[in-house]
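A.B. asks: The structure under discussion is supplied below as structure tokens; questions concerning it will follow.
The values are calculated or read from the model by the stated rules, or taken from the named source; none is laboratory data. None of these values were measured; they are calculated from a predicted model. As a convention, Cβ positions derive from the backbone with ideal geometry for all residues, glycine included, and neighbour counts pool all protein chains shown.
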Amino acid sequence: MIEVKNLEKSFGDSRVLKGVSTVFETGKTNLIIGQSGSGKTVLLKSLLGIHTPDVGTIEFDGRVYSELDPDEKRELRTEIGMVFQGSALFDSMTVAENVAFPLRMFTNDNKAKIKERVDFVLERVNLVDAHKKLPSEISGGMQKRVAIARAIVNNPKYLFCDEPNSGLDPNTSTLIDNLIQEITKEYNITTVINTHDMNSVMEIGENIVFLKKGIKAWQGTKEEIFRTDNKDIVKFVYSSNLFKKVREAYLKG
Amino acid sequence: MLIRYLSQIGRYFLMLKEIFNKQTKWPVMRQLIFKEIDDLIIDSLGIVCFISFFVGGVVAIQTALNLTNPLIPKYLIGFATRQSVILEFAPTFISVIMAGKMGSFITSSIGTMRVTEQIDALEVMGVNSLNYLVFPKIIALLLYPFVIGISMFLGIFGGWLAGVYGGFTTSTDFIDGAQMDFIPFHITYAFIKTLIFAMLLATIPSFHGYYMKGGALEVGKASTVSFVWTSVSIILFNYILTQLLLGS
């Protein structure tokens, strides 16, 4: 579980996060949604330790990040898996080498054991024939799956995903969403996803945090989104005609 | 403006400190060092050999053409070629050329990793990205004096070939000149310079790549800026080291 308490962050005169408090639960897909400029990415980067909050604390299962010494912070980071928006695969390494990277860096496993684990996670994300390919030789959807495999290969306690569906077709998007949700349940990890994609919200939104201008404007589940009368979230989620009709149909039963 | 430059210099020294913090595991680091030796040292040998050989030849011809007084002995062609190549051409000018060749490679490769969030990925995993990316380059460039040694040999050899087969001097005169008044400390001086330049070649382009912001266009701009600053630093340090080591 990750608990965020009264998080504030400014860049110069611009206050991006204005006292955000929330809980990201273990074993659930926690989504951060909001318009561009609402502070989603800053919140995610604060959780990752890339940004240091001006005020407030972030607790990883009771460990307050700002109170950890540098070695403890690095130790905590080895418990984190991250799927970047652009996948961020190491382009000079093959798919298998990318996935093996965290194991080579942080474990003393021998080559055979690393290979076994890499084969297992690549099979888990349905990539069995791509071991020797370079990231530039595979599609965007496959790159995302490699990034997920790399993120989970070290059995992380926390999985962060920044716009995991961006640039993907709807079919592949759904596959990626479902894969992330399955992995979250299977390994009982705390997953936090930063997304704009309303399909993801409807598919896997078990705990949704809606940010508006740096403030947490709403929090709930995908089912609660249909029933809520919070104007901000309704305006944001149901901005397309398709979702308006879906909501109307849901409310009519 | 001055504050900005000072702040950049301060940031550069903080980066140097961070490079030596929290070392990457040795089996991983060993592979990285071999890769950097291949990319930075082995891949540079061709251009260094080519330039050294021909510039050595040109130095010999230019010296010969300027020795118009019949009282000046021909062995001075060998002497001047040796001194020019050992003291300045091989250590300094090859390093300026390498600031373009190696420097732009280092800046663009690290800059691309920054743009594509690969450096963020390393940091999020708990890897000291500066140690992972820059330390192997520094270790690989400890072999840079060997490159300069080859450059010295080929420069003088090129001068001998151009001098003898161009009809400017005899082989005996050239070799006599090349051996005349030889001061072994000049070699030490050249290699001390080379090691300092190697450190600059590894770290200044890395600094410009690591801290760059923006996209693909900015990677190109960072490579250009890195070349300018690496060259300026090499020339400045060349002056300071020459004053310190030979001036007193």
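A.B. asks: Quick one: which residue in A:Glu223, A:Glu248 is modelled with pLDDT of 85 or more and either out of contact with any strand residue (DSSP E or B) (no Cβ under 9 Å at 6 or more places or on another chain) or assigned by TED's automatic domain parsing to the domain that holds A:Met142 (or both)?
C.D. replies: Answer to the selection: A:Glu223.
A.B. asks: Can you confirm whether B:Glu117 is touching a Phe, Trp or Tyr at 6+ places or on another chain (Cβ under 8 Å) and within 14 Å of chain A (Cβ to nearest Cβ)?
C.D. replies: So B:Glu117 passes the test.
A.B. asks: Scanning for something farther than 25 Å from A:Asn199 by Cα, in the same structural domain as A:Asn188 (by TED's automatic domain parsing), assigned to a helix (DSSP H, G or I) and out of contact with any Asp or Glu (no Cβ under 6 Å at 6 or more places or on another chain), does segment A:8-31 turn up at least one residue?
C.D. replies: Among the residues of segment A:8-31, not one is farther than 25 Å from A:Asn199 by Cα, in the same structural domain as A:Asn188 (by TED's automatic domain parsing), assigned to a helix (DSSP H, G or I) and out of contact with any Asp or Glu (no Cβ under 6 Å at 6 or more places or on another chain), which makes the answer no.
A.B. asks: Another question, if that's okay. Cβ-Cβ under 8 Å, sequence separation 6+ or interchain: first residue in segment A:217-241 and among the charged types (D, E, K, R), partner assigned to a strand (DSSP E or B). Which pairs?
C.D. replies: Correct list of pairs: A:Lys222/A:Ile208; A:Asp232/A:Phe210; A:Asp232/A:Lys212; A:Asp232/A:Ala217; A:Asp232/A:Trp218.
A.B. asks: A further question follows. Of the residues that make up segment B:210-217, is at least one within 14 Å of another protein chain (Cβ to nearest Cβ), closer than 30 Å to A:Leu48 by Cα, small (Gly, Ala, Ser) and not in a helix (DSSP H, G or I)?
C.D. replies: yes
A.B. asks: Related question: In segment A:36-79, which residues are assigned to a loop (DSSP other than H, G, I, E, B), farther than 20 Å from A:Asn154 by Cβ and within 14 Å of chain B (Cβ to nearest Cβ)?
C.D. replies: If the condition is that a residue be assigned to a loop (DSSP other than H, G, I, E, B), farther than 20 Å from A:Asn154 by Cβ and within 14 Å of chain B (Cβ to nearest Cβ), then A:His51, A:Thr52, A:Asp69 are the ones that fit.
A.B. asks: Scan (1) away from every other protein chain (no Cβ under 14 Å); (2) surrounded by fewer than 20 Cβ atoms within 10 Å (Cβ to Cβ) for the single condition B:Met102 breaks and write down its number.
C.D. replies: Single failed check for B:Met102: (2).
A.B. asks: Here is a follow-up. Test B:Thr172 against the stated conditions and say whether it is of a type in the set (Val, Ile, Thr), under 30 Å from B:Val28 (Cβ atoms) and in a helix (DSSP H, G or I).
C.D. replies: It is false that B:Thr172 is of a type in the set (Val, Ile, Thr), under 30 Å from B:Val28 (Cβ atoms) and in a helix (DSSP H, G or I).
A.B. asks: Quick test for you: out of A:Val146, A:Val201, pick the one residue that is in the same structural domain as A:Val99 (by TED's automatic domain parsing), of a type outside the set (Lys, Arg) and under 30 Å from A:Arg124 (Cβ atoms).
C.D. replies: A:Val146
A.B. asks: Still on this structure, please answer the following. Quick one: which residue in B:Val124, B:Val134 is buried (at least 21 other Cβ atoms within 10 Å of the Cβ), modelled with pLDDT under 95 and in a helix (DSSP H, G or I)?
C.D. replies: That would be B:Val124, the only listed residue that is buried (at least 21 other Cβ atoms within 10 Å of the Cβ), modelled with pLDDT under 95 and in a helix (DSSP H, G or I).
A.B. asks: Right, next: Regarding A:Ile33, is this residue under 29 Å from A:Arg145 (Cα atoms) and surrounded by 22 or more Cβ atoms within 10 Å (Cβ to Cβ)?
C.D. replies: Criteria met by A:Ile33.
A.B. asks: Now a separate question. Are any residues in segment A:102-125 touching a residue at least 24 places away in the same chain (Cβ under 8 Å) and of a type outside the set (Lys, Arg), and if so, which ones?
C.D. replies: A:Pro102, A:Leu103, A:Phe106, A:Thr107, A:Val118, A:Val121, A:Leu122, A:Val125
A.B. asks: Continuing with the same structure: Is it the case, given these coordinates, that B:Thr112 is within 14 Å of chain A (Cβ to nearest Cβ), on the phi < 0 side of the Ramachandran plot and within 29 Å of the chain's Cα centre (by Cα)?
C.D. replies: yes
A.B. asks: Search segment B:10-27 for residues being touching a residue at least 24 places away in the same chain (Cβ under 8 Å) and assigned to a helix (DSSP H, G or I), and hand back the single one that is farthest from the other protein chains (Cβ to nearest Cβ).
C.D. replies: Across segment B:10-27, the extreme among qualifying residues is B:Tyr12.
A.B. asks: I'd like the full set of residues that are over 13 Å from B:Val85 (Cα atoms) and hydrophobic (A, V, I, L, M, F, W, C), limited to segment B:50-66.
C.D. replies: Selection gives B:Phe50, B:Ile61, B:Ala64, B:Leu65.
A.B. asks: State the number of residues belonging to segment B:151-168 that are surrounded by fewer than 16 Cβ atoms within 10 Å (Cβ to Cβ) and either closer than 16 Å to B:Phe197 by Cα or under 13 Å from the mean Cα position of the chain (by Cα) (or both).
C.D. replies: Qualifying residue count, segment B:151-168: 0.
A.B. asks: Among (1) among the basic types (Lys, Arg); (2) surrounded by 18 or more Cβ atoms within 10 Å (Cβ to Cβ); (3) touching a residue at least 60 places away in the same chain (Cβ under 8 Å), there is one condition A:Lys213 misses while meeting the rest; what is its number?
C.D. replies: (2)
A.B. asks: Please count how many residues of segment A:80-125 are under 18 Å from A:Pro164 (Cβ atoms), aliphatic (A, V, I, L, M) and either in a loop (DSSP other than H, G, I, E, B) or more than 8 Å from chain B (Cβ to nearest Cβ) (or both).
C.D. replies: Of the residues in segment A:80-125, 8 are under 18 Å from A:Pro164 (Cβ atoms), aliphatic (A, V, I, L, M) and either in a loop (DSSP other than H, G, I, E, B) or more than 8 Å from chain B (Cβ to nearest Cβ) (or both).
A.B. asks: For segment A:6-22, what are the residues that are surrounded by 16 or more Cβ atoms within 10 Å (Cβ to Cβ) and either of a type in the set (A, V, I, L, M, F, W, C) or within 20 Å of A:Leu159 (Cα to Cα) (or both)?
C.D. replies: Matches in segment A:6-22: A:Leu7, A:Val16, A:Leu17, A:Val20, A:Thr22.
A.B. asks: To continue, here is another question. From the list A:Pro135, A:Pro156, which one is farther than 15 Å from B:Glu117 by Cβ, at pLDDT 90 or above and within 11 Å of another protein chain (Cβ to nearest Cβ)?
C.D. replies: A:Pro156
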